[in-house]
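The structure's right below; bear with me while I get my questions together.
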Amino acid sequence: AQSVTQLDSHVSVSEGTPVLLRCNYSSSYSPSLFWYVQHPNKGLQLLLKYTSAATLVKGINGFEAEFKKSETSFHLTKPSAHMSDAAEYFCVVSHGNQFYFGTGTSLTVIP
Amino acid sequence: NAGVTQTPKFRVLKTGQSMTLLCAQDMNHEYMYWYRQDPGMGLRLIHYSVGEGTTAKGEVPDGYNVSRLKKQNFLLGLESAAPSQTSVYFCASSYVSGLALDNEQFFGPGTRLTVL
């Protein structure tokens, strides 16, 4: 069975400081893992994906995530937060064409 | 390419009314999905389709029906709307890859539905 746990429902950071959004997954198979971002009143946009190649995945807008099989984690990071990063972030695990969403982490960026 | 589009963007219904949400994609994707998004619950899968003429139930299918008569379209129907169906509905599509691990979903902009 596949599942995703996003460990924080809300994260607040100051502009210019690092961002860490945590995600743990459970999967019976070698998973594909994704991070999506949703800005207010918008659809979901793919930030990055892990599909069994390099364990450190770089995405758009300076985000990256590291796949750690031993910890079953896929945390999302960014070295320096920007105001435009304020949004909802979803971690997703998939196998084949079934996708399982975490409950989301709301990121607030304080000026 | 328009990607994934959804019609309408907003709708208000009275309890017991019916309506159909339309999702269209121009990427020739095999798989299409309907989700609902509620505060604090992430996205929950309602129904999905693995190809033209096929549909399957997801996590929360009750009160909804779907049809995939054409590959590019996936319709979500509410036969008798209830206030519990007030939500934001997202359609998504994905492609079939020889490497099953390399699929991702493409999302529409959402439909905000209120049932009074």
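The values are calculated or read from the model by the stated rules, or taken from the named source; none is laboratory data. The model shown is predicted, which means the values in this text are computed figures rather than measured ones. Cβ: placed from backbone, ideal geometry, glycine included. Neighbour counts: every protein chain shown. All accessible areas refer to the heavy atoms of the entire protein, side chains included, with ligands and DNA or RNA removed. Shrake-Rupley method; radii C 1.70, N 1.55, O 1.52, S 1.80 Å.
Could you tell me the center-to-center distance, by alpha carbons, between segment A:37-79 and segment B:46-95 in angstrom?
Here the answer is 27 Å between Cα centres.
Another question about this same structure. Across the residues of A:24-34, average count of Cβ atoms on other protein chains within 10 Å?
1
Same structure again: What distance in nm lies between label points placed 7 Å from Cα along the C-beta direction at residue A:83 and residue A:60?
Here the modelled spin labels are 2.1 nm apart.
Can you give the local net charge around residue B:82? Use residues other than it whose beta-carbon is closer than 15 angstrom to its beta-carbon, Lys and Arg +1, Asp and Glu -1.
That sum, taken over residues with Cβ under 15 Å, equals 0.
Given a Förster distance of 30 angstrom, what is the FRET efficiency for residue A:68 paired with residue A:10, based on the Cβ-Cβ distance and rounded to 0.05?
0.80
Now a separate question. Roughly how crowded by other chains is peptide A:39-51, in terms of the mean Cβ count from those chains within 10 Å of each of its Cβ atoms?
4
Between segment A:87-108 and segment B:11-38, how far is it from one alpha carbon centroid to the other, in angstrom?
That distance is 20 Å.
On to the next question. Which ³J(HN,Hα) values, rounded to whole Hz and listed in residue order, are derived for segment A:20-32 from phi using the Karplus coefficients 6.51, -1.76 and 1.60 in 6.51 cos²θ - 1.76 cosθ + 1.60 with θ = phi - 60°, glycine and proline given as x?
9, 10, 9, 9, 10, 10, 10, 8, 7, 10, 5, x, 9
Rounded to the nearest 100 Å², what is the sum over both chains of accessible area buried where A meets B, with a probe of 1.4 Å?
In total, chains A and B hide about 1800 Å² from solvent.
Measure off 7 Å from each Cα along the Cα-to-Cβ vector at residue B:18 and residue B:72, then give the distance between these two points in nanometres to one decimal.
Roughly 2.7 nm, to one decimal.
Two decimals, Cα atoms only, Kirkwood Rh: what is Rg/Rh over chain A?
Reported Rg/Rh (Cα atoms, Kirkwood Rh): 0.95.
Would you mind checking which residues have amide H under 5 Å from residue B:86's amide H? H placed 1.01 Å from N; only 5 or more apart, or other chain.
B:115
In addition: Determine the shielding of peptide B:40-46 by partner chains: average, over its residues, the number of Cβ atoms on other chains within 10 angstrom of each Cβ.
Counting other chains' Cβ atoms within 10 Å and averaging over B:40-46 gives 5.
Something else: Could you calculate the FRET efficiency of residue B:56 with residue B:114 from 1/(1 + (r/R0)^6), where r is the beta carbon distance between them and R0 is 25 Å, rounded to 0.05?
0.35
Calculated FRET efficiency, residue B:65 and residue A:28, Cβ-Cβ r, R0 25 Å, to nearest 0.05?
Taking R0 as 25 Å, the efficiency between residue B:65 and residue A:28 is 0.20.
Under a point spin-label approximation (7 Å from Cα along Cα-to-Cβ), what is the residue A:39-residue A:17 distance to one decimal in nm?
2.4 nm
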